[in-house]
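A.B. asks: Mind looking over this structure? Questions follow.
The values are calculated or read from the model by the stated rules, or taken from the named source; none is laboratory data. Source: prediction; values computed, not measured. We place every Cβ from the backbone using ideal geometry, glycine too, and count neighbours over all the protein chains shown. All accessible areas refer to the heavy atoms of the entire protein, side chains included, with ligands and DNA or RNA removed. Shrake-Rupley method; radii C 1.70, N 1.55, O 1.52, S 1.80 Å.
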Amino acid sequence: IKELEILNPNIIVCCGGKIFGFVIDIFGGSNLREYGINGNLRYSDERNTVIIYCEHPSKKYMSNAKFYENPMDLFRNFLKTEDGANFIKK
């Protein structure tokens with residue numbers, strides 16, 4: 001929590017469900033807008049922060065292309081939304 005407070009990132013990529021859930025709890029899950037399948041991208045307008053879920057790269061079935069493309073597709077699609085446009089402007 002302290003590290004997030006110090007760094008104050010605009011984009012947080014979470015490699016795995018446990019850390020994704022932890023970060024969502026820190027940001028107050030009900031205050032986040034959900035995008036993508038199963039809400040794998042969350043956006044906090046208040047903090048202008050994007051939180052992206054992706055599989056951990058050490059998983060045996062993850063190809064480099066899938067590891068990279070899935071979260072990037074989520075982010076590209078998010079940028080096409082009104083929230084995405086606001087994210088860029090801030």
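A.B. asks: How large is the Kirkwood hydrodynamic radius of segment 1-45, counting all unique pairs of alpha carbons, in Å?
C.D. replies: With all distinct Cα pairs of segment 1-45 included, I get 11.1 Å.
A.B. asks: What is the spin-label model distance, in nm, from residue 88 to residue 76 if the labels are put 7 Å beyond Cα along the C-beta direction?
C.D. replies: Rounded to a tenth, the inter-label distance reads 1.4 nm.
A.B. asks: Compute the relative contact order of segment 7-90 as a whole-number percentage, counting only Cα pairs closer than 8 Å that sit 6 or more residues apart in sequence.
C.D. replies: Rounded, it is 29 percent for segment 7-90.
A.B. asks: Please list the radius of gyration and Dmax for the chain, considering alpha-carbon atoms only, with Å as the unit.
C.D. replies: That works out to 12.9, 38 Å for Rg and Dmax.
A.B. asks: Moving on to the next point. Can you give the % of DSSP beta bridges in the chain that are antiparallel, to the nearest 5?
C.D. replies: Close to 60 percent.
A.B. asks: Between residue 18 and residue 37, what is the label-point separation in nm under the 7 Å Cα-to-beta-carbon projection?
C.D. replies: 2.4
A.B. asks: Okay, moving on. For all pairs of alpha-carbon atoms in segment 39-90, what percent lies in each bin of width 10 Å, listed from the first bin to the last filled one?
C.D. replies: Over segment 39-90, the share of Cα pairs per 10 Å bin runs 24, 47, 23, 7 percent.
A.B. asks: Using unit Cβ charges (K, R positive; D, E negative) and no other charged atoms, how large, in debye to the nearest 20, is the dipole of segment 1-67 about its Cα centre?
C.D. replies: 320
A.B. asks: Carbon and sulfur together cover what percent of the accessible area of the chain at a 1.4 Å probe radius?
C.D. replies: 53
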